[in-house]
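Presented below is the structure to which this report refers.
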Amino acid sequence: MSEAKTQSAGLLRSSLVVGVMTMLSRVLGLVRDVVVAGYFGASGASDAFFVAFKIPNFLRRLFAEGAFAQAFVPVLSEYRTQRDLSAVQVLVNRTAGSLGSVLLLVTLIGSLGSPILAMLFAPGFYMSGSESFPLAADMLRVTFPYLMLISLTAFAGSILNSYERFAVPAFTPVLLNICLIGSAVFLSPLFDPPIMAMAWGVFMAGAVQLAFQLPFLARLRLLPKPQMGWKDEGVRRILKLMLPALFGVSVAQINLLLDTVLASFLQQGSVSWLYYSDRLAELPLGVFGIAIATVILPSLSRKHAEASPEKFSQMLDWALRMVMLIGVPASVALIVLSKPLLTTLFHYGAMTERDVEMASMSLQAYGLGLLAFMLIKVLAPGYFSRQDTKTPVKIAVIAMAANMVFNLALIFPLAHAGLALATALSAFLNAGLLLRGLLKQGVYDFAPGWGRWLFQLTVANVAMGVLLYYFAPAAPDWLAAGLWDRVTWMAMLVVGGGAVYTVVLVVLGLRPRHLKG
């Protein structure tokens, strides 16, 4: 086997490990959402919780898993490649001290200013005098420290990923879902209002996730001993890369948060409808898109440090093909099966038929943009691994501006679904500009065989889509059916659609060896 294929095979194995762990987390996440929907539905209280959870979670994705990780991993990979373990330890210590001090300050400010943050991120609650506003502010005071805890968890996970310890960071979010499920079931009866238990569940989850990863860092002999290091050369480089990366890597998250802001002006339940539909779209994105992106960033960074442009391009080409292999059928399935999926998962307890109907509209829009969301996840590392943050930030600004234009154009005719569609359209613009930039810079070029690959994917997805479209209405009334009937029919559709997709690809000549590059 050639070196390139050996590398691709190793990346595929690592991606599968991350994918399996992430799948476990996402499945538990869906269980969590089913529990939350059953206990709280799409009410004003649930709207308040989703805002209180989304603000620190957004900042976590923006600063920790987004900008920080994309800036820290390339520098850490360079230290690992070119320096000894003691130099790596110094970088880790000084980064931990600098990052921790900033996070502590931000956490104090955010907790004390929770009413102001709630007003900024959900102005519709404040202007309408809704009871959701004071409740969101109270819960945000409890959930905001999650930002510091989970950001330090992401810092630890970045170190583990850089040393090919992918499974531990991928498994860690399982603990969040366990804490939130336990809070809804066991703690909510103890609180008034009951939804406040979810806020405390978020706080506990941050502490548990951080504690879980520390022993694995100790095994690498890289357990941080925090030191202030603002003048350290490595820390300064991380900061220089991080500032523009705040926009470059997290445009999708910024757009989703803007959706929440605008949705707070719409009818009650809009924030929750967007949340539930986004959660379903996040399942394939997290399991496959983010899994591949997590694996390739350290590898691309090392290839750049080793001055291997051909291998860099080959690795990026493999990642794009894998994303399309999963992303396109996932997008088709979300669009065609939006209402059956939401009904099967969430139409219980306080979740009404109308909630399902409204959430299915935004899920179809998010499903349309799923491939673009996934492409961004693997195209952005093509820049950040080379410590190029200026180009993605320019593209990010363009995409954000376009998203606002799309929002204003679509929110009036389509309400909350228009916000989701605007996010999808801006994601395609973002992905297209990222790809064009990589091609123009000459760091990536399409490998041979793309025409055949696209033909195979097109035929297989059309066949799968026709099957799902034809048989989904043949099932019993989804809203009236019981749990077992819904699960049975959904399982048959998923297995049948996946089988048709796979068989058509095999008939058209795709073999397992082709997935290794």
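A short reminder: the numbers here are calculations on the coordinates, not readings from a lab. What you are looking at is a predicted structure, and each value in this text was computed from that prediction instead of being measured. Quick reminder, even Gly has a Cβ in these numbers, built from the backbone with ideal geometry, and neighbours come from all protein chains shown.
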Members of the range 189-202 found to be out of contact with any Phe, Trp or Tyr (no Cβ under 6 Å at 6 or more places or on another chain) and either outside any loop (DSSP other than H, G, I, E, B) or closer than 20 Å to I150 by Cα (or both), listed by number: P189, L190, M196, A199, W200, G201
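The rows are residues; the columns are (1) under 21 Å from Y469 (Cα atoms); (2) among the small types (G, A, S); (3) surrounded by fewer than 23 Cβ atoms within 10 Å (Cβ to Cβ).
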{"site": "P309", "(1), (2), (3)": "no, no, yes"}
{"site": "A333", "(1), (2), (3)": "yes, yes, no"}
{"site": "L345", "(1), (2), (3)": "yes, no, yes"}
{"site": "G349", "(1), (2), (3)": "no, yes, yes"}
{"site": "M374", "(1), (2), (3)": "no, no, no"}
Residues located in the range 106-116, provided they are under 13 Å from V142 (Cα atoms) and surrounded by 15 or more Cβ atoms within 10 Å (Cβ to Cβ): T107, G110, S111, G113, S114, P115
Helices (runs of 4 or more DSSP H) completely within the range 42-146 that count 1 or more residues being of a type in the set (K, R): 44-59, 69-82, 85-112, 132-143
Residue that is nearest to L363 (Cα to Cα) [pool: residues in the range 294-337 that are touching a residue at least 60 places away in the same chain (Cβ under 8 Å) and polar (S, T, N, Q)]: T294
Pick from the range 124-140, criterion polar (S, T, N, Q) and surrounded by fewer than 22 Cβ atoms within 10 Å (Cβ to Cβ), ranking: farthest from A48 (Cα to Cα): S128
Positions within the range 154-210 being hydroxyl-bearing (S, T, Y), within 27 Å of R80 (Cα to Cα) and in contact with a Gly (Cβ under 8 Å, 6 or more places away or on another chain), in sequence order: T172
